[in-house]
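Heads up, the thing below is written out as structure tokens.
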Amino acid sequence: MIIHYIKVAFRNLSAQKIPAFINIAGLSIGLACFSLFLLYAVNEFSFDSFHKNKNNIYRVYEWDQKAGQGDAGMYMPLGPALKKDFPEVEDYVRFYKEWKDKLARVGDNTALSVPVAYTDPQMFSVFSFKLLYGNAATALAGTQNIVLTKDKAIQLFGEANVVGKTVEIKVGDTFQPFVVGAVAENIPANSSIRFNVLLSWDYLQNSPQGKDAVNNWRYSGFQTFVKLREGSSLAGAALAKFSQKYMPWEAEEFKQSGWNGTGPLPISFRLQPLQDIHSNLKISAGADHAVDPKTTWILLGIATGVLLIACINFTTLAIGRSSKRAKEVGVRKAIGGAKEQLVWQFFTESLMLSIISALLGLLLAKLLLPYFNKLAEKDLQFSFSQYPALIWLFAGLALLTGILAGIYPAVILSSFRPVEVLKSKIKVGGANFFSRSLVTLQFVLSMCLIISTTVMLQQVKYMRTKDPGFNRENVVVINADETDAAKTFPLFKQAITKFPQVEGIASSGAGFGEGYNSTGFEYNGKHQQVFRCFASADFTKVLGMHIVAGRMLNDNMASDSVTGVLVNEALVKSMGLTDDKALGVRLEGLSKVTPVVVGVVKDFNFLPLSQQIQPIVFVNGSPFGMSKFFVRVKPGYPAAAIAAMQKTWNSLVPSIPFQYSFLDENLDSLYTSDERWGNIAGWAGGVSIFLACLGLFGLASLAAINRTKEIGIRKVMGASTAVIVKILSAEFLQLVVVAIVIATPVTWYFMYEWLQGYAYRISISAWIFIVTGVAGLLIALLTVSFQAVKAALANPVKSLRTE
């Protein structure tokens with residue numbers, strides 16, 4: 001019987017090639033779109049699941065009860081102490097990633113900038129990172145051993161199997177040789193722990209930084225992972241005693257900060273499951289940030305909407321073909337065909353279309369994956385070994401889509417009464433209320449996506465064009481991380497200020513808006529939290545900031561290099577002062593030498609516009625060096641100025657590559673994520689509009705077929721083509737209008753809530769809804785008009801013969 005259903009299904013599909021093609025094309029596009037989004041979601045939800053010991057690996061962190069946040073930047077001696085004190089701890093791995101890249105070279109080749117991390121030798125026994133060449137036990141056994149990923153090995157050496165070969169890495173002012181102990185497979189996209197160049201922990205411990213931290217329970221910043229024995233756990237009480245043993249001073253310090261001395265300490269050690277790291281926003285570790293799982297669910301919601309539109313399109317086209325299948329159903333029932341048999345027949349056709357569409361959709365998704373990766377800034381691949389869940393998800397998706405898309409046509413078509421069917425066709429009336437509702441829902445979803453995209457992109461445009469409170473244009477930022485900036489900057493400044501294209505130069509300890517450390521001071525018995533920016537005296541002048549009280553810092557005044565600081569209006573306000581009265585105020589506890597305010601800077605946005613302007617202090621000079629040079633060039637073509645800078649740089653530090661960027665582009669990059677989401681929603685909206693038009697096309701076809709005789713009579717009675725097109729189009733345009741009316745308040749609400757996440761945001765203008773609505777109406781009109789014009793131009797003689 002099943003073979004019979006399949007044969008009949010093939011005959012029906014081959015007999016209706018164009019409707020079948022439209023059905024398969026629409027469903028394939030919908031499934032391709034959903035498959036890409038599903039791959040994204042599976043990748044997000046499967047982070048770190050490829051590790052064999054994933055259920056027994058935990059990251060140690062400290063939980064701040066008052067702040068409601070955790071910090072996974074731990075202490076260097078923590079791992080060995082945990083293994084020593086707790087038999088439950090089978091092993092530990094420490095991991096530390098350098099906050100800036102280092103230069104690496106092979107032989108006489110040009111040095112390349114590479115990210116560097118450090119870890120214990122047991123990294124490859126605790127975690128399941130695959131080694132292509134080399135042995136896990138000896139990969140990092142030597143102090144000078146390193147592990148490279150496959151891509152990094154090829155980039156440095158031109159080949160993958162480089163075990164035993166030497167690479168030089170710049171440490172301080174010199175290049176030091178390291179031996180490749182192993183080459184690892186490229187890190188999977190769904191890994192929280194990422195590295196390209198991995199150095200031995202022994203090497204870190206023997207470095208100046210490591211020597212200060214090796215037995216220091218106050219020096220933090222190192223991630224520590226522990227592998228517990230099967231079935232073991234570590235209770236909070238045990239970790240509390242552990243903390244008191246190695247950090248006995250904490251209790252007294254907390255009492256001085258206001259703790260009453262009863263109950264658990266305000267800050268305590270806890271264990272975070274490995275698979276919780278990627279999506280837990282409350283626990284951070286330096287520059288590594290978790291991802292909000294809500295974004296993944298939103299993306300899945302968009303994908304589900306697109307797939308739903310494709311399924312609705314499938315259903316409406318099936319209903320559109322029902323008039324041609326009505327007599328077939330009547331004849332089958334008249335000769336004894338059961339309703340159940342007809343249901344199975346139509347379900348078989350639906351599932352066949354779904355399976356064909358799923359295969360074509362997967363092929364299309366694979367072809368589109370490189371573009372999707374670029375859009376989403378991911379490196380995903382359809383790998384069933386990496387994502388085994390994809391097998392049953394795709395199979396279930398094809399089956400579920402076939403059922404959802406085919407259930408209504410199967411039930412409706414199999415319910416036709418033989419006598420009524422053999423006498424007349426199905427009319428577009430109350431029986432088609434469901435199909436019209438489906439088309440309306442399609443356009444509601446499509447309009448929501450298009451309006452949302454417009455709002456998102458308007459917000460991104462606003463953030464990129466809003467005056468940040470300083471002059472962001474024509475500023476070149478030079479990365480001097482690998483140089484002795486204290487020596488390089490004066491020489492570089494002296495040389496390039498001679499060029500007429502250069503208007504000014506300043507230096508800072510970090511890129512603008514990045515790396516400012518948060519600290520605090522006391523004022524009138526109240527603690528004030530503030531960001532601190534180490535910069536040269538002319539930094540505010542070069543960046544075009546405005547002084548509202550006092551003066552700028554001055555290199556010629558000895559006091560400014562010791563105690564003088566600038567503050568912004570936000571800090572003055574938080575202190576309860578006016579700009580003028582803030583001058584001369586001492587910031588007790590900000591540093592060893594108490595700073596004094598000499599000037600107030602007008603508020604400016606040094607953080608993304610999603611955040612309010614925060615208090616900031618500008619300090620002249622830095623104990624850590626100021627390795628970012630800001631060069632203001634004259635407006636116009638900057639090539640000559642950059643060429644002059646590069647020539648000067650090469651003469652001063654010929655072994656270090658000249659790396660530069662533009663300040664305005666750096667600031668724009670802060671909003672790349674928002675723009676990415678807007679583009680993703682835009683592409684989804686475009687696909688949904690296309691699929692919705694296919695559904696509208698199918699419904700318009702049904703209307704034209706069912707009103708063939710009416711159209712013929714109207715033409716004989718003198719109705720023009722324009723009048724007939726208007727009559728056929730009006731009812732469908734009404735559906736689109738209803739969809740716009742529904743989509744407008746729904747989208748406004750969700751976009752209003754989304755905008756609340758930004759401290760500085762646009763107002764949702766009425767023109768967005770008007771323009772989107774008019775565009776939707778025009779698209780729908782073009783879609784329906786094609787069928788309407790075709791029906792209006794038909795020969796009325798043939799129309800009147802139609803029964």
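Of LYS493/LYS628; LYS498/LYS628; LYS374/LYS461, which pairs sit farther than 18 Å apart, going by alpha carbon to alpha carbon?
LYS498/LYS628; LYS374/LYS461
For the pair GLU230 and SER591, what calculated FRET efficiency results from E = 1/(1 + (r/R0)^6), where r is the Cβ-Cβ distance and R0 = 56 Å, to the nearest 0.05?
For R0 = 56 Å, the calculated efficiency reads 0.65.
For region 462-479 and region 148-176, what is the separation of their Cα centres, given in Å?
37 Å
How many angstrom lie between the Cα centre of region 19-72 and the Cα centre of region 554-574?
47 Å
Take the Cβ-Cβ distance between TRP99 and GLU665 as r, set R0 to 30 Å, and report the resulting FRET efficiency rounded to the nearest 0.05.
Efficiency for this residue pair is about 0.90.
Would you mind calculating the relative contact order of region 119-212 from Cα pairs under 8 angstrom and at least 6 residues apart, reporting the percent as a whole number?
36 percent
Tally Lys and Arg at +1 and Asp and Glu at -1 over the other residues with C-beta under 11 Å from the C-beta of LEU553: what net charge comes out?
-1
Determine the sum of side-chain charges near ASP120: Lys and Arg each +1, Asp and Glu each -1, restricted to other residues whose C-beta is under 10 angstrom from that of ASP120.
Overall, the nearby charge balance is -1.
Could you give each residue of region 554-565 its phi-based ³J(HN,Hα) in whole Hz, using Karplus coefficients 6.51, -1.76, 1.60 with θ = phi - 60°, and x for Gly or Pro?
So the J values, rounded to whole Hz, are 9, 5, 7, 9, 4, 5, 5, 7, 10, 10, x, 9.
Could you state how much accessible area GLU253 has, in square angstrom rounded to the nearest 10, with a 1.4 Å probe and all protein chains kept in place?
80 Å²
Using θ = phi - 60° and the Karplus curve 6.51 cos²θ - 1.76 cosθ + 1.60, what whole-Hz ³J(HN,Hα) does each residue of region 567-572 get, with Gly and Pro shown as x?
10, 9, 4, 4, 5, 4
By its C-alpha gyration tensor, with a ≥ b ≥ c as the square roots of the eigenvalues, how is region 187-281 shaped: rounded for a/c under 1.5, else prolate for a/b larger than b/c, else oblate?
Cα axes put region 187-281 in the oblate bin.
Based on the Cβ-Cβ distance from ASN260 to LYS54, what FRET efficiency comes out when R0 is 41 Å, to the nearest 0.05?
0.55
Highest mean first, what order results for 587-595, 44-52 on Cβ atoms within 10 Å?
In descending order of packing, they fall as 44-52, 587-595.
Around THR488, with a cut-off of 14 angstrom between Cβ atoms, what is the net charge of the other residues, counting Lys and Arg +1 and Asp and Glu -1?
Net charge around THR488: -1.
Express in Å², to the nearest 10, the accessible area of ILE407 obtained by rolling a 1.4 Å probe over the protein heavy atoms while all chains stay in place.
Counting only protein heavy atoms, ILE407 exposes about 80 Å² to solvent.
The values are calculated or read from the model by the stated rules, or taken from the named source; none is laboratory data. Since the structure is predicted, the reported quantities are computational estimates derived from the model, not experimental observations. Counting neighbours? That spans all protein chains shown, and the Cβs are built from the backbone with ideal geometry, glycine included. Heads up: the accessible areas ignore ligands, DNA and RNA and are worked out on the full protein's heavy atoms, side chains in. Shrake-Rupley method; radii C 1.70, N 1.55, O 1.52, S 1.80 Å.
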